[in-house]
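Trainee: The structure under discussion is supplied below as structure tokens; questions concerning it will follow.
The values are calculated or read from the model by the stated rules, or taken from the named source; none is laboratory data. Source: prediction; values computed, not measured. Using ideal geometry, Cβ is built from the backbone for each residue, glycine included, and neighbour counts are taken over all protein chains shown. Just so you know, the surface numbers come from the protein's heavy atoms only, side chains and all, with ligands and any DNA or RNA stripped out. Shrake-Rupley method; radii C 1.70, N 1.55, O 1.52, S 1.80 Å.
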Amino acid sequence: MSDPLLSSEIATPQIRAVDIRRSFRIAGRQIEVLKGVSLEIRAGECAFLVGASGAGNTTLLYTLAGMERPESGRVEFQGRSLYDQSDNLRLVLPDTLSAAPPRKRQPVAKAPPLTIEAEPLYDVELFELLRARRMEFAKEHNLMPVYRVFPDATLKAFARLLPTTEEAAVRINGVSESKAREYFPAFLPILLAAKKGGQ
């Protein structure tokens, strides 16, 4: 006999997205990145997100994680909206350590200290704009895969440093003099707009 509570948990999506839409403006053009995306992921399911670079994969993940509000549509976690302020969604983890009975400590070998180097901060939305422009440029000039233009690490540096001249661009890893001369101008309007907006 099946457990009705377990059946209910399996039937209810853990994450649910309904008609998510998100777009960016690039050089005067409105580019729709997420075009009415809907999906459901249940507890225990393993989902894979597959798409070409610049197709909106990162934007979708940030939206599903509650980090980037969509222009329209709804995202739910365990039946509650991530972006509806009236829901006041907040995840609280139980303090299981304090409730556990004390245990005798066993001697353990000391591991070397772990050093974690955080990636420098960059403008995520600007990075997505640059990725979308890279996809356009690569298709226009038959430069697939898109990393032949600039890798993601270089676009993140663009989004962080906002280079607006070829001389500034070549100081960034992944930008040769020829790429600065031939490819970089295609990204310059986005960077100039970002720099002007940040002033």
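Trainee: Take segment 117-144 and flag every residue that is open to solvent by less than 80 Å² (accessible area, probe 1.4 Å) and either more than 21 Å from LYS195 (Cα to Cα) or of a type in the set (Asp, Glu) (or both).
Mentor: Within segment 117-144, ASP123, GLU128, MET135, GLU136, PHE137, ALA138, LEU143 meet the criteria.
Trainee: Which of the residues that make up segment 32-48 are of a type outside the set (Val, Ile, Thr) and closer than 22 Å to ALA138 by Cα?
Mentor: GLU32, LEU34, LYS35, listed by residue number.
Trainee: Same structure, new question: Condition check: under 30 Å from VAL18 (Cβ atoms), modelled with pLDDT under 75, assigned to a loop (DSSP other than H, G, I, E, B) and open to solvent by 50 Å² or more (accessible area, probe 1.4 Å). Does LEU114 satisfy that?
Mentor: In short, no.
Trainee: Six or more apart or on different chains, Cβ atoms under 6 Å: show the pairs whose first residue is in segment 62-76 and more than 15 Å from GLU32 (Cβ to Cβ) and whose second is open to solvent by 60 Å² or more (accessible area, probe 1.4 Å) and at pLDDT 85 or above.
Mentor: Matching pairs, first to second residue: GLU76/ARG16.
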